[in-house]
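Q: Below are the structure tokens for one structure; questions will follow.
Taken together, the values in this text are just the output of simple stated rules run on the coordinates, not laboratory data. Keep in mind that what you see is a predicted model, and the values were worked out from it rather than measured. Counting neighbours? That spans all protein chains shown, and the Cβs are built from the backbone with ideal geometry, glycine included.
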Amino acid sequence: MRGSKLERYEKLVEQIRRCTKCRLHATRKNPVPGEGSLEAEVMFVGEAPGRREDELGRPFVGMAGNLLTALLREIGLSREEVYITNIVKCRPPGNRDPRDDEIAACLPYLIEQIKIIGPKILVTLGRHAGRTIYGLAGLKWPGMSKAHGAAVRATVAGVSLTIFSTYHPAAALYNKGLRTVLQEDFRRLKSLLSGEGRGRTLFDYF
Ligand code: URA
Ligand code: SF4
């Protein structure tokens, strides 16, 4: 064993705090490693910290975060019992999309988080998280309209788990229709968690 789970996690957080592996370190206020339970069965992966996250060093604490917290609550989950992180740990200036080289530089941290926590379900929020996690699993990203709401058995970072993809909560902030889709997807996530979806590779489409 390479130290306890907590020791391994704390070492990782320290590495992220000191990290200068990509250009985003130069403009960040605070890196945002992630937060939640190290025993979590469900791990959420967003895109990148925004302004508020950068200020506080915590994931999903702005408007999109409030929506995520509400979506979790609707299916009976608290932020404390899941784990929440992002594909890149530092805020891209002006909230631009993270670039491929930044994602590549940061990915070892996410891989280590997945190894340490060993979630049963990896939930991807938005297309960047979706295509990156599908890529790690050796799967072709089929696009969000096909992937959302689908559960796929896969191996990611050596961990056998289910990938569940949905839209990014930020996209649903000013789009009621999309918010309904997100709520439906979260209900599917709930049934997956309670075991109803077990035994089926996919929810029946895709
Ligand atoms: N959007 C994200 O993708 N991640 C955050 O942490 C906040 C907003
Ligand atoms: Fe390091 Fe990731 Fe921050 Fe880039 S985004 S500086 S790789 S922690």
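Q: Full extension from D100 to N66: what is 0.36 nm times the residue separation minus their Cα-Cα distance, to one decimal in nm? Intermediate values should be presented prior to the final figure.
A: Values: separation 34, 0.36 × 34 = 12.24 nm, distance 2.76 nm.
Between D100 and N66, full extension yields an extra 9.5 nm.
Q: FRET efficiency for S194 and K29, Cβ-Cβ distance as r, R0 = 45 Å, nearest 0.05? Write down the numbers at each step before the final one.
A: On the way: r = 39 Å, r/R0 = 0.88.
The computed FRET efficiency comes out at 0.70.
Q: Going through the DSSP H helices of the chain, which span 24 Å or more along their own axis at the Cα atoms while scoring at least 0.5 as a mean Kyte-Doolittle hydropathy?
A: Numbers: long enough: 100-117 (25 Å, 0.66); 176-193 (25 Å, -0.43).
Helices passing the filter in the chain: 100-117.
Q: With a cut-off of 8 Å between alpha carbons and a minimum separation of six or more residues, what is the relative contact order of the chain in percent?
A: 21
Q: Counting each DSSP H run of 4 or more residues in the chain as -39500 (n - 2.57), what helix-only mean residue ellipticity at 222 nm follows after dividing by all residues, to the nearest 500 deg cm²/dmol?
A: -12500 deg cm²/dmol
Q: Roughly how many nanometres apart are two label points built 7 Å out from the Cα toward the Cβ at R52 and E184?
A: It is 2.7 nm.
Q: Let me ask you something else. May I ask you to list the trypsin sites (Lys or Arg not before Pro) in the stretch 54-116 that are in a DSSP loop and have at most 15 other Cβ atoms within 10 Å of their Cβ?
A: For trypsin sites (Lys or Arg not before Pro) across the stretch 54-116 that sit outside H, G, I, E and B with at most 15 neighbouring Cβ atoms in 10 Å, the list reads R96, R99.
Q: Now for a separate question. Of the chain, which part is the longest with no GluC sites (Glu not before Pro) in a loop (DSSP not H, G, I, E, B) and with at most 16 other C-beta atoms within 10 angstrom? Display every interim value, and only then the final one.
A: Details: sites that count: E39, E41, E196.
With a cap of 16 other Cβ atoms within 10 Å, the longest stretch comes to 42-195.
Q: According to the square roots a ≥ b ≥ c of the eigenvalues of the Cα gyration tensor, what is the shape class of the stretch 2-194, taking rounded for a/c under 1.5, prolate for a/b larger than b/c otherwise, and oblate for the remainder?
A: It comes out rounded by the Cα gyration axes.
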